[in-house]
Amino acid sequence: MLAVVALALSVAIFATWAILDRLIDDRIDAEFGNEAEKLRRYAATAVDARDVDTLLADYLSYNPPDEWETFFTIVDGRPHKVTGVPPPARLDTDDALVARLGRATEPVSGETESAAGTVRYAVIPVEVTGDARRGQLVIAVFYDHYRDEVLDAMRVLALASLASLVLAGAAGWFVAGRVLTPVRLVRQTAERISDSSDLTRRLDVPGDDDVSALAGTFNRMLDRLEQAFAVQRDFVDDAGHELRTPITVIRGHLELMGDDPDDRAETLALVTDELDRMNRMVDDLLTLAKAEQPGFLDVEVVELADLTVSVVAKARALGERRWRVDEVAEARVLADRQRLTQALMQLAANAVRHTAADGRITVGSAVQDGAVRLWVRDDGPGVPIADRERIFRRFVRAGGRTGAHEGAGLGLAIVRSIAEAHGGVVAVEDAPGGGARFVITIPMREVR
Ligand SMILES: Nc1ncnc2c1ncn2[C@@H]1O[C@H](COP(=O)(O)OP(=O)(O)OP(=O)(O)O)[C@@H](O)[C@H]1O
Ligand SMILES: [Mg+2]
């Protein structure tokens, strides 16, 4: 960054230098033109000048040179007169130069070296009628003096630029350091957290600037990560714990198994039953794990009436009950048909488990207040108010253990995951006339 600024400044300084140099040249050329014009006008009025040396001598006394300028005249190739003001260096004493300039018959200009540096000169030849001699007026400008002035100015400019560059660099460094310190702190803390895998640590950046806002965002991300990891850890703990029970049961049966064929057959049946249960549990756990990930739902157009009726048809296989369809919504919505069927089948399986052989189970659907409601109602014992929240958690079974046919407590957790994946909820309430009514409510995403 500083290098770019330095480069730009150097370019600007060199450009200024070049422009000023050109200006000096232009000014000197204008001065030459001006002097020639003055001489011409003087010659036109000096009617009493009979010869070249009078004319030139008169002109010199009449027209003094500017500062850092000198005039002298040449007559017949020899130095003639020098202007009264003493110049920084004498040029008329340079014989070779005088001889060369004395030959000029046309106005010429050029450059030569002198004791006071480079000099730019112009030679204006003069002739007077009736005088055979040739004279020249030489106008010399001490060019180096002007160039030195420009150089001085450039030197000051360069020094000033360098000083501001250094100052700007130092200020930039200081400001960057102040801005970057908290950023570095954030980075170091973040590194410490990832090194120690300690998700309970948080960044502490006081203030209300962007960096502390960044730290706040980072902390909130850590909150969510910590929570997500905790949920995952609980999940794995629960799953491991629950899977240990059937494994223990299986091992117990196998260890106690005798040689009696009947005994073996009975053990085999028990073990197979237990393995089936494990298998179902693993499937359910996988479903729950998938529900946490994107892409869990496969959304399509679902005919609610069709869905309701087909669930009842499938559910009949779960048990001999009085299966009924309550009410059917005539609507087409966007949803995952498979997952909704799965949820309703879980509710139907629960209903079968909690009703007697002549029990009545009713399935229904309705569209109400911009939401789709799907329900399964039974005439069993219902769910006590105290249990209505917690039964939806995984591995929670209410009403105590009921022996070998007890479930894993994953069914309602799956139903809730499916409802939530659709942006909805599931709840249980008292069914009119006793029993439980489980209702899935999801926002309506209608298709016309
Ligand atoms: N229709 C219902 N009537 C009364 N209680 C119910 C009903 N459905 C569920 N419950 C209660 O909620 C608990 C949790 O049900 P959930 O479906 O989650 O587990 P589960 O049926 O015991 O096991 P799984 O479904 O994994 O085989 C049940 O143990 C039961 O006590
Ligand atoms: Mg269940």
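The values are calculated or read from the model by the stated rules, or taken from the named source; none is laboratory data. No experiment lies behind these values; they were computed from the predicted model shown. Backbone-built Cβ (ideal geometry, glycine too); neighbour counts: all protein chains shown. Note: accessible area is taken over every heavy atom of the protein model, side chains too, but ligands, DNA and RNA are not part of it. Shrake-Rupley method; radii C 1.70, N 1.55, O 1.52, S 1.80 Å.
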(request) All but one of (1) open to solvent by less than 60 Å² (accessible area, probe 1.4 Å); (2) over 21 Å from A427 (Cα atoms) hold for A313, so report the exception by its number. (result) (1)
(request) Provide a single number: the residues in the stretch 254-290 that are touching an Asp or Glu at 6+ places or on another chain (Cβ under 8 Å) and open to solvent by less than 60 Å² (accessible area, probe 1.4 Å). (result) 1
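Checking the condition of a type in the set (A, V, I, L, M, F, W, C), over 20 Å from the mean Cα position of the chain (by Cα) and at pLDDT below 85, which residue from L222, L243, L203, L214 passes?
Just a single option satisfies the conditions, and that option is L203.
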(request) Evaluate the stretch 338-346: report whether one residue or more is within 16 Å of ligand 2 (Cβ to nearest atom), modelled with pLDDT of 95 or more and assigned to a strand (DSSP E or B). (result) no
(message) Filter the stretch 127-163 down to the residues that are small (G, A, S), more than 27 Å from A3 (Cβ to Cβ) and open to solvent by less than 50 Å² (accessible area, probe 1.4 Å) and list them by number.
(response) G135, A140
(message) Out of V425, V415, I need the residue that is more than 15 Å from ligand 2 (Cβ to nearest atom), in contact with a strand residue (DSSP E or B) (Cβ under 8 Å, 6 or more places away or on another chain) and at pLDDT 95 or above. Which one?
(response) V425
(request) From R397, R393, R339, grab the single residue that is within 22 Å of L285 (Cα to Cα), crowded, with 21+ Cβ neighbours inside 10 Å and under 54 Å from the mean Cα position of the chain (by Cα). (result) R339
(request) Output the residue which, of all residues in the stretch 356-370 that are assigned to a loop (DSSP other than H, G, I, E, B) and more than 20 Å from L334 (Cβ to Cβ), is nearest to ligand 1 (Cβ to nearest atom). (result) G359
(message) If the requirement is being away from ligand 1 (no atom under 12 Å from the Cβ), out of contact with any strand residue (DSSP E or B) (no Cβ under 7 Å at 6 or more places or on another chain) and closer than 18 Å to F392 by Cβ, which of these qualifies: R373, R353, R339?
(response) R339
(request) Give the residues of the stretch 32-53 that are in contact (Cβ under 8 Å) with a residue 40 or more places away in the chain and either closer than 30 Å to R147 by Cα or surrounded by 14 or more Cβ atoms within 10 Å (Cβ to Cβ) (or both), sorted by residue number. (result) F32, E35, A36, L39, A43, A49, D51, V52, D53
(request) Look through A8, A104, A43, A99 and report the one residue that is modelled with pLDDT of 90 or more and not basic (K, R). (result) A8
(request) Scan the stretch 406-448 residue by residue and report those that are open to solvent by less than 40 Å² (accessible area, probe 1.4 Å), in a strand (DSSP E or B) and among the hydrophobic types (A, V, I, L, M, F, W, C). (result) V426, V428, A436, F438, V439, I440, I442
(request) Would you mention how many residues in the stretch 61-97 are within 21 Å of I28 (Cα to Cα) and open to solvent by less than 50 Å² (accessible area, probe 1.4 Å)? (result) 14
(request) Go through (1) outside any strand (DSSP E or B); (2) away from ligand 2 (no atom under 12 Å from the Cβ) and name the single condition L374 misses. (result) (1)
(request) Say whether the condition of being polar (S, T, N, Q) and under 22 Å from P107 (Cα atoms) is met by at least one residue in the stretch 15-32. (result) no
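Conditions (1) open to solvent by less than 60 Å² (accessible area, probe 1.4 Å); (2) touching a strand residue (DSSP E or B) at 6+ places or on another chain (Cβ under 7 Å); (3) under 30 Å from A12 (Cα atoms), marked per residue:
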residue	(1), (2), (3)
L165	yes, no, yes
A171	yes, no, yes
A176	yes, no, yes
V179	no, no, no
P182	yes, no, no
V211	yes, no, no
(request) State all residues of the stretch 113-159 that are in contact (Cβ under 8 Å) with a residue 40 or more places away in the chain and among the charged types (D, E, K, R); if no residue qualifies, say none. (result) R120, E127, D131, R133, R134, R147
(request) Determine, yes or no, whether T112 is open to solvent by 80 Å² or more (accessible area, probe 1.4 Å) and hydroxyl-bearing (S, T, Y). (result) no
